[in-house]
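First the structure, in the form of structure tokens, and then the observations on it.
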Amino acid sequence: MPSERRKISIDYVMDKASGPHFSGLHTPTASADANAPNHPFVIGVSGGTADSFYRGLTAEELKRVHEYNFDHPDAFDTEQLLNYVLTLKSGQSVQVPIYDFKHHQRSSDSFRQVNASDVIILEGILVFHDQRVRNLMNMRIFVDTDDDVRLSRRIKRDTVERGREVSSVLEQYAKFVKPAFDEFVLPSKKYADVIIPRGGENHVAIDLIVQHIHTKLGQHDLCKIYPNAYIIQSTFQITGMHTLIRDREISKHDFVFYSDRLIPLVVEHGLGHLPFTEKQVITPTGSMYTGVDFCKKLCGVSIVRRLQFSVLFFLYLLERFSLRACCKGIKIGKILIHRDGDDGKQLIYEKLPKDISERHVLLLDPVLATGNSANHAIELLIQKGVPESHIIFLNLISAPEGIHRVCKRFPSLKIVTSEIDVALNGEFRVIPAPTTASPPPAPPSLLPPTTSATAIPSLTCALQCPHFESCSGCTHEFNLHRPVIVDEASNFFKSLGVSDFTFDSCRLWGWRCRAKLAVRGLSENPLIGLYEEGSHNVVDIPQCKAHHPNINAAVELLRKGIRELNIEPYDEDEGTGDLRYVQMAVTTYNTALPAAERYRNGRVQVSLVWNSRNEKSSNSDKLNALANFLWRNAGPRSNLHLIHSVWANFQTSTNNIIFGNRWRHLLGERDFWEHVGGIDMSLDPSSFGQANTRAFDNLLRKLHKYVPFGASVADLYAGSGVIGLSLAATKKCRSVKCIEINKESRPSFEKSVDRLPKSIEGSISWHNADTSIDPLSWLVGSDVIVVDPPRKGLDTSLIDALRTISSHKVKPSLKGSSSNIKEEKRPWVLRERERAKEASVQVGRETVSEDPQSLPETLIYISCGWESFKEDCKALLTNKSWRLEKAHGFNFFPGTQSIEVLAVFKRSLKKKKTGKKKKKQG
Ligand SMILES: C[S@@+](CC[C@H](N)C(=O)[O-])C[C@H]1O[C@@H](n2cnc3c(N)ncnc32)[C@H](O)[C@@H]1O
């Protein structure tokens with residue numbers, strides 16, 4: 001970034017902040033209060049003193065002013081500070097008091113007007129002291145300045161600006177300032193998101209922060225920051241077209257159709273920036289019309305890389321149809337950027353008209369990601385003599401990083417785009433803005449990941465949650481897009497011969513669609529959240545950054561209901577109280593809404609875990625009242641249709657198990673559907689469901705690649721059978737067996753099977769069984785085994801069976817149906833034959849379509865527990881019965897160090913001894 005520009009933005013912040021430490025920053029074209037954004041970005045800077053909010057001293061205090069501790073939190077009017085920040089946040093201006101240091105009073109006749117702003121900077125040495133103030137901040141910065149430097153600055157300020165003696169400054173420093181700093185200020189450092197060593201001279205840190213704020217200001221603000229960036233006016237039509245072309249499931253026909261509609265809009269907008277000359281024509285009625293003449297000398301240049309089909313196709317459409325249709329006689333050129341060279345940006349080819357320097361250039365690139373290739377191409381055009389101001393850069397999707405990079409470097413060039421996404425992820429793919437509800441598509445990776453990019457804590461991917469310190473839900477605040485464990489995983493797999501481990505990120509915030517929260521505290525002040533690390537204290541987590549926003553909204557409503565209806569939260573020590581836990585699960589399955597709006601409008605299934613044996617217990621009136629309260633306020637008849645359904649679970653045991661065995665559906669739709677892995681899946685509240693639905697969908701789609709069409713599959717630890725059913729539907733499996741210990745999952749399986757396409761002919765069954773008992777019987781007869789165990793990993797008996805499977809001989813008696821296999825091999829089933837029959841569900845053809853003698857060739861291990869996975873993986877590989885072929889990681893739990901792993905193992909086939917060898921041996 002040119003230093004001159006950097007200085008401008010910082011000076012601007014500083015300029016506004018130079019008053020008494022409470023400042024608003026308007027981006028250059030932001031208008032006053034009326035247009036202030038709904039959510040200004042509040043930055044707390046612990047560095048100076050919050051002079052504006054000193055209390056005026058009483059007559060008594062004035063008498064002994066030398067003993068008054070101005071550095072104690074009590075010296076400030078925190079309530080007023082809180083009020084002012086809230087007012088500014090709500091879009092109204094405030095009149096900040098001015099403190100008179102001579103008389104130790106607030107000036108009665110003057111104040112400073114601070115208008116509502118996009119960015120509010122709240123500066124003061126103690127601004128992190130009060131939790132309520134801290135919670136209002138989006139970002140907390142601690143300026144770490146050396147003690148000596150602080151003292152010398154204080155001496156200078158108090159003697160020069162406040163007319164005090166050096167000796168009195170020193171006395172005050174030793175008596176009050178330093179002790180208060182050590183007692184209140186230093187400990188508050190832990191609340192900072194960013195600590196800046198060396199204070200304001202640290203330009204690298206300040207630059208990072210400024211960049212972060214720029215990103216936070218959002219897409220339209222980028223256009224305010226860079227007058228050379230233009231975004232075409234968004235309409236539902238345009239968003240709709242984006243939604244369609246970004247959908248990975250779009251048909252080719254629709255992709256062509258909608259791209260062909262969208263691209264000309266960008267091109268037309270770009271053409272509007274070309275210079276024109278006035279021209280007069282005579283109309284057929286003989287009158288004169290004064291208009292303009294188009295710019296004649298034009299050239300369209302596309303940036304070409306080795307890209308996936310969709311991007312090349314975009315370019316093709318851009319050139320052939322949009323440009324040629326919009327601008328008759330336009331010349332076309334190409335710049336090929338080859339990314340595999342030294343630094344991934346080596347230029348290898350260019351084909352441009354000879355007179356390019358005389359032309360206006362429309363530079364075309366469908367996606368502007370990092371901006372590296374674009375800058376490279378622009379430099380080349382400038383070298384060829386094209387003036388910077390003659391270049392208009394057109395693209396469909398831009399990442400803020402790319403806009404920053406190009407606009408800063410080439411301020412006279414213009415960028416026209418149709419959407420600006422939120423950011424780039426760790427793999428330098430654009431992350432769609434939150435309004436885009438579809439999962440991130442797979443736009444091209446424009447650069448290979450570099451180590452430096454992952455080493456810097458990414459502020460754009462920071463959690464920024466006020467509950468981080470106390471809540472046990474998240475363990476990591478930065479680089480949500482790439483948990484540190486990914487590097488460990490990558491090395492682990494490399495050491496096992498898999499060097500192409502990939503990691504996919506998805507939503508970084510609002511990803512959790514299923515949350516179990518404890519309810520504790522008092523009815524007038526309920527705490528709804530998770531346990532504090534290592535304790536049984538529940539931390540209230542309103543507005544959790546990981547939760548789907550509608551879970552947060554439902555939690556707030558529940559809190560209100562608890563208060564209004566006087567519901568007693570559970571008391572663990574006494575075993576008393578009514579409401580123990582709540583499970584909130586979001587369904588984004590709503591076919592009445594356009595796909596892009598489904599995620600945002602997800603509805604919440606609320607399961608209230610009630611401290612009683614059943615619905616006839618004495619406190620059940622309150623349960624019904626609470627359910628009705630939720631339904632009345634956020635059910636289908638309310639303005640805010642948030643709640644999908646309400647369930648009750650009855651639990652009285654004193655152990656830590658959340659759910660009891662008894663469930664009751666109280667209100668709303670009974671069935672809860674989600675669309676994942678290409679199928680509609682029903683999930684009862686009692687069955688296991690993945691919390692990160694979007695990331696799970698990504699995983700399933702990857703998993704499909706490793707299962708051949710027509711395979712027979714055993715899905716162990718199956719839950720409701722989502723993996724098995726998704727394979728049955730997409731891979732037309734010959735047979736699918738799902739094995740699950742929790743019988744509550746069966747109804748979900750049955751309902752989901754009913755929704756499978758009728759064309760599926762294979763046999764599909766679900767068995768209520770413990771995988772660890774006689775595991776071999778589930779393995780034999782399947783080509784592919786999928787295991788998705790809980791965090792603790794595979795049962796030892798299953799690992800043993802997998803390790804020894806190659807030496808397994810199928811007894812002739814085992815031939816026949818799979819149920820025969822069970823009956824022969826598992827005496828406990830024989831003994832309980834009737835019950836076992838009841839516990840299995842079979843759909844599809846009667847004839848069993850697995851080869852009872854075949855042994856699995858592929859093992860797909862899905863793991864949510866990295867440590868146990870490593871152990872299981874080593875155990876599977878030690879006797880060489882399996883080899884690891886592929887491994888992929890998925891960001892299922894942003895904010896934590898957990899990742900979900902999909903590992904594919906292939907069974908090592910024993911080499912048959914050749915006749916030659918036999919002879920030799922003989
Ligand atoms: C991580 S979940 C996966 C469920 C399913 N694959 C899904 O994605 O929805 C693990 C499942 O294994 C089940 N389970 C745990 N131990 C088991 C065992 N010994 N035998 C069979 N299932 C078991 C649990 O009840 C749970 O449903």
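The values are calculated or read from the model by the stated rules, or taken from the named source; none is laboratory data. Please read these numbers as outputs of a predicted model, since none were measured by experiment. Please note: Cβ atoms are built from the backbone with ideal geometry, for glycine as well, and neighbour counts cover all protein chains shown. When the accessible area is computed, the model is the full protein with side chains, heavy atoms only, and any ligands, DNA or RNA have been set aside. Shrake-Rupley method; radii C 1.70, N 1.55, O 1.52, S 1.80 Å.
Structure values in brief
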{"read-out": "Criterion (closer than 20 Å to Gly529 by Cα and either surrounded by 16 or more Cβ atoms within 10 Å (Cβ to Cβ) or in contact with a Gly (Cβ under 6 Å, 6 or more places away or on another chain) (or both)) met by exactly one of Asp578, Asp573", "value": "Asp578"}
{"read-out": "Residue among Lys886, Lys906, Lys911 that is of a type in the set (D, E, K, R) and at pLDDT below 95", "value": "Lys911"}
{"read-out": "Single residue of region 685-697 satisfying the filter (more than 10 Å from the ligand (Cβ to nearest atom) and hydrophobic (A, V, I, L, M, F, W, C)) that is nearest to Ser720 (Cα to Cα)", "value": "Ala691"}
{"read-out": "Among residues of region 380-403, those that are open to solvent by 20 Å² or more (accessible area, probe 1.4 Å) and part of a helix (DSSP H, G or I), counted", "value": "6"}
{"read-out": "Failed condition for Val301, given (1) in a strand (DSSP E or B); (2) open to solvent by 30 Å² or more (accessible area, probe 1.4 Å); (3) in contact (Cβ under 8 Å) with a residue 12 or more places away in the chain", "value": "(2)"}
{"read-out": "Any hit, region 576-597, residues being more than 21 Å from the chain's Cα centre (by Cα), acidic (Asp, Glu), over 17 Å from Arg514 (Cα atoms) and in a loop (DSSP other than H, G, I, E, B)", "value": "yes"}
{"read-out": "Per-region count, region 591-614, residues open to solvent by less than 60 Å² (accessible area, probe 1.4 Å) and either in contact with a strand residue (DSSP E or B) (Cβ under 7 Å, 6 or more places away or on another chain) or of a type in the set (A, V, I, L, M) (or both)", "value": "14"}
{"read-out": "Exclusive hit being in contact (Cβ under 8 Å) with a residue 12 or more places away in the chain, open to solvent by 50 Å² or more (accessible area, probe 1.4 Å) and within 16 Å of the ligand (Cβ to nearest atom), set Ile741, Ile764, Ile799", "value": "Ile741"}
{"read-out": "Residue identified as at pLDDT 95 or above, of a type outside the set (Ser, Thr, Tyr) and not assigned by TED's automatic domain parsing to the domain that holds Val646 among Leu496, Leu508, Leu463", "value": "Leu496"}
{"read-out": "Region 698-719 - residue that is within 26 Å of the chain's Cα centre (by Cα) and within 12 Å of the ligand (Cβ to nearest atom) and, of those, farthest from Leu683 (Cα to Cα)", "value": "Leu703"}
{"read-out": "Asp770 vs. criteria assigned to a loop (DSSP other than H, G, I, E, B), surrounded by fewer than 23 Cβ atoms within 10 Å (Cβ to Cβ) and near the ligand (Cβ under 10 Å from one of its atoms)", "value": "yes"}
{"read-out": "Selected residue (criterion: nearest to the ligand (Cβ to nearest atom)) from residues of region 773-790 that are closer than 21 Å to Leu877 by Cβ and either in a loop (DSSP other than H, G, I, E, B) or open to solvent by 10 Å² or more (accessible area, probe 1.4 Å) (or both)", "value": "Asp788"}
{"read-out": "Check on Leu756, at pLDDT below 95, more than 11 Å from the ligand (Cβ to nearest atom) and within 30 Å of Glu871 (Cα to Cα)", "value": "no"}
{"read-out": "Total residues in region 720-738, condition more than 13 Å from the ligand (Cβ to nearest atom), hydroxyl-bearing (Ser, Thr, Tyr) and within 30 Å of the chain's Cα centre (by Cα)", "value": "1"}
{"read-out": "Subset of region 239-272 (residues that are of a type in the set (A, V, I, L, M), within 26 Å of Lys414 (Cβ to Cβ) and over 24 Å from the mean Cα position of the chain (by Cα))", "value": "Leu262, Ile263, Leu265, Val266, Val267, Leu271"}
{"read-out": "Exclusive hit being at pLDDT below 95, within 42 Å of the chain's Cα centre (by Cα) and surrounded by 13 or more Cβ atoms within 10 Å (Cβ to Cβ), set Glu871, Glu850", "value": "Glu850"}
{"read-out": "Qualifying strands (runs of 3 or more DSSP E) (wholly inside region 633-736; at least 1 residues being open to solvent by 20 Å² or more (accessible area, probe 1.4 Å))", "value": "662-668, 673-676, 679-682"}
{"read-out": "Residue count, region 404-426 (criterion: modelled with pLDDT under 90, of a type outside the set (Ser, Thr, Tyr) and either over 24 Å from the mean Cα position of the chain (by Cα) or part of a helix (DSSP H, G or I) (or both))", "value": "6"}
{"read-out": "Count of region 405-420 residues which are within 17 Å of Pro366 (Cα to Cα) and of a type in the set (S, T, N, Q)", "value": "2"}
